[in-house]
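The values are calculated or read from the model by the stated rules, or taken from the named source; none is laboratory data. Everything quoted here is computed from the prediction, not taken from an experiment. Reconstructed Cβ throughout: ideal geometry from the backbone, glycine too, with neighbour counts over all protein chains shown.
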C-alpha cells in the first residue's frame, strides 16, 4: 500500500501539467485564429465591406512594364483589364485593342487578327494559379470554408509599412499569406508558394499593392507589382478604374471578339 500511493500521486502530478498544457495550447490556437479573422474582417471593411464583397465586375486600364532579373524592358504596354467574379477575365492590349486574352473557367484563349487560338498551357496555368490564390478568392472562398486554418503571425514590415500578417491554409493544403497596413488595414502584399511541376522546386509568387485611391467609395490600388522568387517581373500602373459596369450580353464570347478584330 505504501508503494501504490506514491506511484499514484506521481502519476497524477505528471498528468496535470500535460492536461493543462493541452488545454492552454488549444485556447491559444483558438485565440490566434480569432486574431487572424479579426484582421481579415478589418481588411474587408477597409476595402468597402459588403460593397466590395458584392462587386459584379471591375474594369481597369493603364500601362504595364515587364522586368527581367529586376531590370525593366524598354517601353510599356497599354492595356484594358476586365474581371467578373468568379472566373471571367479579359485583357485587351495595344492602342488599337486588337490583341485580346480571355481566361474563362479553366481555359485561356488569345484573339488577334489571325483569329482565335488556345493560349499555351503554361501561361494558362500561371494565370489560374494566381487567380486561385488572389485576395478575392482567399476571402470569398477560403475564409468561408470551416476547414480553412487561420494563423495570425503578428506584425511585419511590408514596403516600409508596418503590417499585420495572416496566413490562410485551405483544406487542400494550399496557403496564402496576406499583409495588411496596421493603420488603414488595406492589403499591402499577397504571397503564396507553388511547386514547379518539372523541376519540383518551390517558387514564390508575390503581389504588392500601392498608391491607393478611392473609386466609387472603394479604396483601390493604382500600382500592382509582381515578384517571382524575389525578382520583380512586372508592374502595372492604372490610369482609370471603375466598378459594376454594363459589359453587354456577348462581352465574354470569344468568337464574337474574334469576329470584331480587324483582319
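Observations on the model:
- Test for residue 206: is it assigned to a strand (DSSP E or B), free of Cβ contacts under 8 Å to residues at least 40 places away in the same chain, within 22 Å of residue 87 (Cα to Cα) and under 11 Å from the mean Cα position of the chain (by Cα): yes
- Annotation: of all residues in region 248-262 being surrounded by fewer than 15 Cβ atoms within 10 Å (Cβ to Cβ) and touching a residue at least 40 places away in the same chain (Cβ under 8 Å), the one that is farthest from residue 109 (Cα to Cα) is 262.
- Matching residues, region 215-247, being outside any strand (DSSP E or B) and touching a residue at least 24 places away in the same chain (Cβ under 8 Å): 216, 217, 229, 230, 244, 245, 247
- Considering region 170-197, the residues that are in a strand (DSSP E or B) and surrounded by fewer than 16 Cβ atoms within 10 Å (Cβ to Cβ) include one that is modelled with the lowest pLDDT, namely 195.
- Filtered residue count, region 35-75, keeping only those that are without any contact (Cβ under 8 Å) to a residue 60 or more places away in the chain and assigned to a loop (DSSP other than H, G, I, E, B): 5
- Scanning region 145-165 for residues that are touching a residue at least 24 places away in the same chain (Cβ under 8 Å), surrounded by 15 or more Cβ atoms within 10 Å (Cβ to Cβ) and either more than 20 Å from residue 26 (Cβ to Cβ) or out of contact with any helix residue (DSSP H, G or I) (no Cβ under 9 Å at 6 or more places or on another chain) (or both) yields 158, 161, 163, 164.
- Unique match (being at pLDDT below 95 and either in contact with a strand residue (DSSP E or B) (Cβ under 9 Å, 6 or more places away or on another chain) or part of a strand (DSSP E or B) (or both)) among 128, 157, 150, 143: 157
- Among the residues examined, residue 28 does not qualify as modelled with pLDDT under 95 and surrounded by 14 or more Cβ atoms within 10 Å (Cβ to Cβ).
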